[in-house]
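Below is one structure, written out as structure tokens; the observations come after it.
Readers should treat all values here as calculations from the given coordinates under stated rules, not as data from a laboratory. All values derive from a computational prediction rather than experimental measurement. Positions of Cβ are generated from backbone atoms using ideal geometry, with glycine treated the same way; all protein chains shown enter the neighbour counts.
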Amino acid sequence: MRIIYSYNTFGGKRFPSAFDMKMAKLSVTSLRASTDYEPYLYTDLRGKDIFAELFDMDYIYTIPFTVKNPAWWNAGKLEVYAMQSEPFLHVDFDTCFMNGFSVPEDADIVTEKLRCYEKNEELERYGYIGIKEPSKLVCSGLLGGITDDMWGILFEKSMYSIAQGKEPNFENLVSIEEYTLSQIAAAWKLNIKELDPRYFAHFQGENKQERFGKIIDNLCKMYGI
């Protein structure tokens with residue numbers, strides 16, 4: 001099982017803030033301290049320089065990334081999913097791990113959680129149309145599973161949507177990843193397992209520093225960061 005991160009600077013157009021880097025250090029440090037997993041990073045040349053201090057150089061892979069528009073910031077993750085040749089879990093840098101964290105290795109898809117899907121015409125209009133509508137959405141902050149054709153299909157369908165040329169809103173970004181994958185999972189009747197929320201914290205959403213700054217600072221002190 002590979003625990004993988006990704007970061008696309010889009011040729012230097014997108015860089016992590018100081019607080020983003022603090023969360024990245026916390027994520028990688030807590031993973032190593034709490035588990036036996038080794039972190040891998042997929043990034044571009046600029047990203048390699050930024051994150052070199054956090055990763056063993058043997059576990060950094062530089063790739064050119066197909067999507068060049070920073071507005072589609074999550075497209076790089078989809079490309080990385082499709083590149084995997086063994087079971088994996090992709091995690092965001094705003095994730096902290098605790099002792100006891102483990103990843104099920106007998107599921108088609110592993111996710112941080114499933115949430116009920118409420119009909120959303122924007123997701124459906126921009127997503128991959130034509131297969132079974134999902135009853136639940138597969139969340140993507142921590143996402144992976146076995147290597148299968150679904151990850152290549154997910155990337156292919158998402159690239160088709162991106163090629164429509166629109167500047168994305170939030171629903172578009174969710175649609176190319178979570179909605180499309182959830183449709184595939186429903187149509188193929190895939191086995192999905194959720195990670196145990198007791199053993200990780202995902203500090204997701206906007207205004208992270210204002211909402212989670214004190215918590216992050218205390219966790220960093222605990223890990224000597």
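So here's what we get for this one:
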| item | result |
| --- | --- |
| Using a Förster distance of 30 Å, the FRET efficiency for E118-E86 (Cβ separation, nearest 0.05) | 0.30 |
| Amide H partners (placed H, <5 Å) of R115, local residues excluded | L137, C139 |
| Scattering profile of the stretch 53-165 at q = 0.10, 0.12 Å⁻¹ [log10 I(q)/I(0), Debye over alpha-carbon scatterers] | -0.35, -0.51 |
| Fewest-first ranking of T62, T147, T95, using other Cβ atoms within 10 Å as the exposure measure | T62, T147, T95 |
| Extended-chain gain in nm, criterion 0.36 nm per residue less alpha-carbon gap, D106 and M1 | 36.7 nm |
| Gain upon complete extension [E156, N169; 0.36 nm per residue less C-alpha separation] | 2.7 nm |
| L142 long-range amide H proximity, modeled H, under 5 Å | E112 |
| Degrees separating the helix 208-222 axis from the principal Cα axis of the chain, which is the longest one | 40 degrees |
| Rounded Å value of the spacing that divides the Cα centres of the stretch 152-181 and the stretch 65-91 | 12 Å |
| Dipole moment magnitude, nearest 20 debye, the chain about Cα centre, only Lys, Arg, Asp, Glu C-beta charged | 480 debye |
